[in-house]
Amino acid sequence: MPVFQDKDGLPRIVLTDPNGSSAEVLLYGGHIVSWKNQRKEELLFMSSKAKWKQHKAIRGGISPCFARFGDVGSLEQHGMTRNRMWSLDRDPSPLPPIDNHSSVDLILKSTGVDLKKPHSFELRLRITLSAGKLILIPRVRNTDNKPFSFAFSLCNYLSVSDISEVRIEGLETLDYVDNLMNRSRFTEQADAITFDGETDRVYFHSPNKIAIIDHEKKRTFVLQKNALPDAVVWNPWNKKAKALPDLGDDDYKMMLCVNSAVIDTAILLKPCEEWKGYQELSTVSSSYCSGQLDPRRVLYGFH
């Protein structure tokens, strides 16, 4: 897998698919900073003020977030994996071999001071590009001699045309924690989630398939996941956007974070045990009926 230095001096890998789609991955943070479809349309959001420097988390794209369980605040601040330099994984077994043009295996090993109570671990990430899909398989192995628990998230910054024209299907009736209401717990009452202000929620026990519908672009992101039961929904809106130094004042209009996560219940690994998650992002053309998407078409595969 060829690795080249980009203009900011960060090692970068470019994945390509015969159908014309592409993805760009930084070894820094194991961070996916671009995903384009066969029409060369960018599907991921990157902040106009992203800091492309080491020791700083890069706002946007897709990145794995890993923290000791209980440090939910640390996880929300991306954990410690986003400002570390990852390596190419030469031994990704037991996963099957990869196509070197459209997949890459990355690994991050602990340094001994990564967690408040030091533990030894290996964090692996397989990124695969296929026709219309971007697949991530994260794995965490306990290489210590004692058990530990952790929280994990794949932070997905999705590019949208106008956040006020976006809705999320699939999280109806779920319990969630609202981080803007002192982490109070509620049950979702709306038929779909829409946006008219700052949103920062964690939905528990979410389905394996979630649809993010962009009415203006007539495009739907389909997020499928396994072993990542929770879903984080975040948009800073105008006031918070202006307060974030690495986010443009109007960037909030063009982005939405919908993260696949394990937050509510710890993942506990005994020595030598491994956890594996799965996330698949794809896009489909939105189908309209009386001006609305029929969610069954996406959530249940009738498209």
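Summing charges over neighbours of Asp246, with a neighbour being any other residue whose Cβ is under 11 Å away from its Cβ, gives +4 when K and R count +1 and D and E count -1.
Here, region 173-250 has an Rg and a Dmax of 13.9, 35 Å when only alpha carbons are counted.
With contributions of -39500 (n - 2.57) from each DSSP H run of at least four residues, the per-residue ellipticity at 222 nm computed over the chain stands at -1000 deg cm²/dmol. Note on the chain: with charges restricted to the Cβ of Lys and Arg (+1) and Asp and Glu (-1), its dipole about the Cα centre is near 720 debye.
Straight-line reach from Lys270: taking Cα to Cα under 26 Å and skipping same-chain neighbours fewer than 8 places apart, the lysines in range are Lys109, Lys116, Lys117, Lys146, Lys225. Using a 10 Å Cβ count of at most 11 others and DSSP loop calls, identify the longest part of the chain lacking such trypsin sites (Lys or Arg not before Pro). Answer - 184-303.
A straight Cα-to-Cα reach below 18 Å connects Lys240 with the lysines Lys49, Lys51, Lys253, residues fewer than 8 places away in its own chain not being considered. Looking at region 4-55, none of the chymotrypsin sites (Phe, Trp or Tyr not before Pro) sits in a DSSP loop with at most 10 other Cβ atoms within 10 Å of its own Cβ.
Note on Arg39 and Thr111: their simple-model spin labels are 4.4 nm apart, each label 7 Å out from Cα toward Cβ. The Cβ shell under 12 Å around Trp52 holds other residues with a net charge of +4, Lys and Arg each +1, Asp and Glu each -1. The three principal axes of the C-alpha atoms in region 118-172 carry coordinate ranges of 50, 29, 19 Å, sorted with the longest axis first.
The alpha carbons of the chain occupy a box of 57, 46, 39 Å along the principal axes, longest dimension given first. Just the protein heavy atoms count here, and of the accessible area of the chain at 1.4 Å, carbon and sulfur take up 49 percent.
Counting charges near Asp8 (Lys, Arg +1; Asp, Glu -1) among other residues having Cβ under 15 Å from its Cβ returns a value of +4. Binning every alpha carbon pair distance of region 104-202 at 5 Å from zero, what are the percents per bin? The distribution over region 104-202 is 2, 9, 13, 15, 13, 14, 16, 12, 5, 1, 0, given as percents. Computed over protein heavy atoms with a 1.4 Å probe, the accessible surface of the chain works out to 45 Å² per residue. These residues, Thr143, Thr220, Thr128, go from largest to smallest accessible area, 1.4 Å probe, as Thr143, Thr128, Thr220.
The values are calculated or read from the model by the stated rules, or taken from the named source; none is laboratory data. Note that the coordinates shown come from a computational prediction; the quantities given were computed from them, not determined experimentally. Note: ideal-geometry Cβ built from the backbone for every residue, glycine included; neighbour counts use all protein chains shown. Side chains are part of the model used for accessible areas, which takes the heavy atoms of the whole protein and leaves out ligands, DNA and RNA. Shrake-Rupley method; radii C 1.70, N 1.55, O 1.52, S 1.80 Å.
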